[in-house]
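Reading through the structure tokens given below for one structure.
Just so it is clear, none of the values below were taken in a lab; they were calculated from the coordinates. As the structure is a prediction and not an experimental result, all values here were calculated from the model. Cβ sites come from the backbone with ideal geometry, for glycine too, and all protein chains shown count toward neighbours.
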Amino acid sequence: MTEVPFPRAQVHFGVFFQGVNHSTIWSDPSSGSQIDFETFRRVATTAERGLFDAFFLGEGLRLREQDGQLLDTDIAGRPDAITQLAALAGITSRIGLVATQNTTYNEPADLARRLASLDVLSGGRAGWNAVTTDNAWTGENFRRGGFLDHALRYERAAEFLSAAREIWDAWDQDSGTARTVERETAHFRFAATPTVPRSAQGHPVIFQAGVSPAGRDFAAAHAEVIFSPFGTHFEPAREFATDIRTRLVAAGRPADDIRILPGTQIVLAENESEVAEKKRWVLENQITGATALSLAGQVWGKDLSHLDPDGPLPSEDPEPAKISGTRGAQRDGQDRAAIAAQWRELAETKRLSLRQVAVETTARFGFAGTPGQVADELTRWVRHGASDGFNITPYLVPTGLDEIVELLIPELQDRGSYRTSYLGATLRDHLDLRPPLSRR
């Protein structure tokens, strides 16, 4: 019998509220607004009812574009993350509240204060997903274009996190007084005094999502939770987790000092005979005809809306310029001709239409099965070291967590691999994390 390395490990869940995406089935009658507070309330309170660790909110500083026009196939407005989470703090009592915030286009003193305020007002439930966007498209909001090349953005992010932690630590809990923190480096020049005390968890929990070698080293040095794309296949996930644990030790930290929560999608069917049909329904409704033409247009560099999505790929060659990053990082800077050649080979080999190629090449599937089957697989992942849990992106918003809470979580609890109640009050408690790095 194969030894189980973590026989008592339990599954941790977060919910990832993306906003802009084409994984949400917008056409379903139950699909709600991505701006109205009621949608956020429903998702957050359902997740809390399901004893999730965290509500994880994506953030975008600029609407996505394609060919110079606003992308209207999956556009969704996104209220400011910290403002939205502050509102949710008042109607929840346990679930963690994680804000995606940028280290390239913020300043340490201001952001540290806003995150500390959320942490205090929520009773120690705040988290910070530190991202390092450096593209000129986002940078246009700040009159300085890309601002930093790829090699420097992690350098600035490391300084940013160090400065934020020092500001949070500058409040003396015993005396109730604060000292001034001064920094003067190539990236920052400020003198800041904290205006709020530390929360019950000490600092906001630091999340990070980079999977490049530089991103992994950054996580090993600074992060407490890592959000990865390895949420479908077991072996790549375990290889990633092993690599992160090795880097943690090299950075002088315990191997279990980070919680690894890959992003995933879960599709459940009560009967095994219904699983394949429901999985296909989800995929086909995520990639509508308009979305397929838009994705192909991104590759070909031109408007293809006149084509039949259920017909063949375009016969003409794509534009020579590399793909713009205005639709996100998935194909940013990639060679259009190379991708078009791969698509044509796939279409010819499998006899696929344009839309079917789009489905095949963009599907980021996670788990599909009966509640019992999925519970067995998730338990295997955490007990064999492939992850500590999952950050779930629902394919329906705001109702997509209902079947997970009502059908999957009881199965996990029956296996002893999911909590039956919150054991603490803070996000750090839920994740079973050590004290903040700067306070050990």
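In a fully extended conformation the segment linking residue 335 and residue 69 would gain 93.6 nm over its present Cα-Cα distance, using 0.36 nm per residue. The Cα center of segment 150-209 and the Cα center of segment 68-119 differ in position by 18 Å.
Under 5 Å from the amide H of residue 267 lie the amide H atoms of 367, 368, 369, each residue being 5 or more positions distant or on a separate chain, with H modelled from the backbone and absent for Pro and chain starts. Once the mean of 1/r is taken over each pair of separate Cα atoms and inverted, segment 378-440 shows a Kirkwood hydrodynamic radius of 13.9 Å. Using the rule -39500 (n - 2.57) for each DSSP H run of four or more residues, divided by the residues of the chain, the 222 nm mean residue ellipticity is -11000 deg cm²/dmol. Sorted from greatest to least, the principal axis extents spanned by the alpha carbons of segment 75-127 come out as 31, 31, 12 Å.
Taking every Cα-Cα distance in segment 16-175 and sorting them into 10 Å bins from zero, the calculated P(r) comes out as 10, 33, 34, 19, 3, 0 percent. Between residue 317 and residue 155, the FRET efficiency estimated from the beta carbon spacing at R0 = 41 angstrom works out to 0.55.
Taking packing as the residue-averaged number of other Cβ atoms within 10 angstrom, the listed peptides 308-314, 223-229 run from highest to lowest as 223-229, 308-314.
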